[in-house]
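Participant: If you scroll down you'll find the structure; I have some questions about it.
Each value in this text was obtained by applying a stated rule to the coordinates, not by laboratory testing. Please read all numbers here as calculations on a predicted model, not as lab measurements. Glycine gets a Cβ as well: all are built from the backbone with ideal geometry, and neighbour counts include every protein chain shown.
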Amino acid sequence: MAPSRLLIVDDEAAIRDGLKRVFEGESFLVETCSSGFSAIEVMQHHEFDLIITDLKMPGMSGIEVLKSVRTLQPDIPVIMITGYATIDTAVEAIKNGAADYISKPFTPDLLMEKVRLALSMRIKPLEEIGLSDELQLHNGFHQFIGESREMQKVYRRIMHVAATNSTVLITGESGTGKELAARAIHDNSPRKEYPFVAVDCSSLAETLLESELFGHVKGSFTGAVQAKTGLFKIADGGTLFLDEVSNISLSTQAKLLRVLQERKITPIGGTQLVPIDIHLVAATNKSLRTMVNDGVFREDLFFRLNIIPIELPPLRERTQDIPVLIRHFLKKYTTEIGKNIRGVSPDVMSFLEKYSYPGNVRELENIIERAVVLTEGDTIRNEDLELWDSTETPSTTMIERIPQNAEELKEMKRHIRDHAMESLEGLFVRNALERNNWNVTRAAEETGILRPNFQGMMKKLGISVRGVH
């Protein structure tokens, strides 16, 4: 049997080092952290069999660590240790899911006994006990579409965090569905009957953003002709979603940090603290860690926001979901527009499965909507996609990756050439038909192509005159 992995969290180096020696002497694999924040970071990249954490630590308490563990790795037992043992703290620890509780000073033998007991009674993994019927998925989760392993991990994380009040940081490229994830968290939470309030932090100037978030009193600044309730208060009891949180200025970051710590706000121009009860979910398509290193984002706020991270994968990393998404968007837009389209041609499906999607799911949806509008037949073909506008060239838009050898270069050049030629033919034929009121005979004569050959081009390109008149 593989040795058990332990994570020990304590701000006192002597206790960390002492416990590490004790457990390594009993063949455990041990990692230590000096703060709750560093422990959360470690848990995002490594799995453990049991966690031992101190209760009283600066910055982030053991209870906060415990709540985060229940979301990040919910089947892991946590043992709380403290020198401040009271009935109240013991009850709070157990209520929040601690496996056990031990007071300082304690003997190594007693702690070892509790660790072995907790490991022997370890909770079954969530997959075994059935976290939610919604996770037995075929097509998606809430408004997400996809059954790939990458998305299944996202769905599970959403369900885990929804039952908690832990702050969530959703990251991912534009178009991956960050607001969908935030809404799914809210809709699965005990707060679902209360407001879900979304704020685009990139769309407002600093002073306006603070007024929107915290509110203001009458006369607090020029134009404040009446008092305004802030979105923090409007979201009271529910969920506040801060989209593109990376765009908040350093001064507003300081105020946001204070709100997260105190759970109270002060309206602009006001003097009274107003208590709030919200679940905060933030999102960004930038690396906050890089911004911290560059000095444009506060490290303490980053740690406060990054309690529970959810990373949404780009579409190019979950290509098995592309056919499912195509079917979903086809059904959506053929119903909306009133067309009878059976599907996409095999070469279109092959291309869409290989395309890199810089705009992710949002781009794929736009591609399908545009193709549904433009197609004249019952099948979407290459010329219906129009993946680039007139100012772009295939060479700058169709390259999914840089070729690595001569054979790949040759194949990619052929692929781009063929697609460009077919698109050009499609534009040529459509334009000729439009000039001649969709009369095939006149269009063929005008272009100098025999009618059977012109009809052959139409058939190859999937262009039909049915339903035009």
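Participant: Choose one of Met291, Ile307, Thr335: the residue whose Cα lies farthest towards the positive end of the charge dipole of the chain (beta-carbon charges +1 Lys, Arg; -1 Asp, Glu; about the Cα centre).
Facilitator: The residue sitting farthest along the positive end of the dipole is Thr335.
Participant: Report the relative contact order of the stretch 142-313, percent, no decimals, based on alpha-carbon pairs under 8 angstrom and at least 6 residues apart. Don't jump to the answer; show the numbers that get you there.
Facilitator: Values: 308 pairs, mean separation 57.3, N = 172.
Computed value for the stretch 142-313: 33 percent relative contact order.
Participant: Something else now. Relative to the longest principal Cα axis of the chain, at what angle does helix 451-461 sit, 0 to 90 degrees, rounded to 10?
Facilitator: Once rounded, one gets 0 degrees.
Participant: So, one more: Taking Cα atoms, how many degrees apart are the long axis of helix 108-120 and the longest axis of the chain, rounded to 10 and kept between 0 and 90?
Facilitator: Between the helix axis and the principal axis of the chain, the angle is about 40 degrees.
Participant: Contour minus end-to-end for Val225 and His45, with contour as 0.36 nm per residue of separation and end-to-end as the Cα-Cα distance? Don't skip to the end; give the middle numbers.
Facilitator: Details: separation 180, 0.36 × 180 = 64.80 nm, distance 5.07 nm.
Computed gain between Val225 and His45 is 59.7 nm.
Participant: Please figure out what share of the DSSP beta bridges in the stretch 142-313 is antiparallel and state it in percent, rounded to the nearest 5.
Facilitator: Details: 4 of 22 bridges.
The antiparallel fraction comes to roughly 20 percent.
Participant: What's the Cα-based Rg to Rh of the stretch 193-278, Rh via Kirkwood? Each step should come with its number before you reach the end.
Facilitator: Working: Rg = 12.2 Å, Rh = 13.0 Å.
Taking Rh as the inverse mean 1/r over Cα pairs, Rg/Rh reads 0.94.
Participant: Are there trypsin sites (Lys or Arg not before Pro) in the stretch 274-343 that DSSP puts in a loop and that have at most 11 other Cβ atoms within 10 Å, and which ones? Intermediate values should be presented prior to the final figure.
Facilitator: Values: sites: Lys286, Arg289, Arg298, Arg304, Arg316, Arg318, Arg327, Lys331, Lys332, Lys339, Arg342; in loops: Lys286, Arg298, Arg318, Lys339, Arg342.
Listed in order of number, the matching sites are Arg342.
Participant: To the nearest 20 debye, what charge dipole does the chain have about its Cα centre, counting +1 at the Cβ of each Lys and Arg and -1 at the Cβ of each Asp and Glu? Walk me through the numbers before you get to the answer.
Facilitator: Working: 55 positive and 66 negative charges, 143 e Å.
For the chain, the charge dipole is close to 680 debye.
Participant: Along the three principal axes, how long is the stretch 318-387 when you take its alpha carbons, biggest first, rounded to the nearest angstrom?
Facilitator: On the principal axes, the stretch 318-387 reaches 30, 21, 18 Å in Cα extent.
Participant: Sorted by mean Cβ packing within 10 Å, highest first, what order do the peptides 175-188, 226-239 take? Spell out each step's value before the answer.
Facilitator: Details: 175-188: 21.9, 226-239: 18.3.
In decreasing order of mean packing, 175-188, 226-239 become 175-188, 226-239.
Participant: Please report Rg over Rh for the chain, where both radii come from the alpha carbon positions and Rh follows the Kirkwood definition. Before the final figure, lay out the partial values.
Facilitator: Values: Rg = 28.9 Å, Rh = 26.4 Å.
My calculation of the ratio gives 1.09.
Participant: In addition: How many angstrom lie between the C-alpha centres of the stretch 1-65 and the stretch 223-289?
Facilitator: 32
Participant: Can I ask one more? Averaging sequence separations of C-alpha pairs under 8 Å and six or more residues apart, then dividing by the length of the stretch 232-324, give the relative contact order as a whole percent. Present the calculation step by step, with values, prior to reporting the outcome.
Facilitator: On the way: 84 pairs, mean separation 31.8, N = 93.
In percent, rounded to a whole number, it is 34.
Participant: Using the Karplus equation 6.51 cos²θ - 1.76 cosθ + 1.60 (θ = phi - 60°), what ³J(HN,Hα) coupling, rounded to whole Hz, does each residue of the stretch 434-443 give in order, writing x for Gly and Pro?
Facilitator: 5, 5, 10, 6, 6, 8, 5, 4, 5, 5
Participant: In whole Hz, with x marking every Gly and Pro, tabulate ³J(HN,Hα) for the stretch 281-290 from phi via Karplus 6.51 cos²θ - 1.76 cosθ + 1.60, θ = phi - 60°.
Facilitator: 10, 10, 8, 7, 9, 10, 8, 5, 4, 5
Participant: Could you order peptides 216-223, 454-461 by the average number of other Cβ atoms within 10 Å of their residues, highest first? All intermediate terms of the calculation are to be shown ahead of the outcome.
Facilitator: Details: 216-223: 12.8, 454-461: 16.9.
With the highest mean Cβ count within 10 Å placed first, the list reads 454-461, 216-223.
Participant: Between 0 and 90 degrees, rounded to the nearest ten: what's the tilt of helix 149-162 against the longest Cα principal axis of the chain?
Facilitator: 40
Participant: Okay, next question. Can you tell me, using C-alpha contacts under 8 Å and at least 6 residues apart, the relative contact order of the chain as a whole percent? Write out the running numbers ahead of the final one.
Facilitator: Numbers: 721 pairs, mean separation 50.8, N = 469.
For the chain, the relative contact order is 11 percent.
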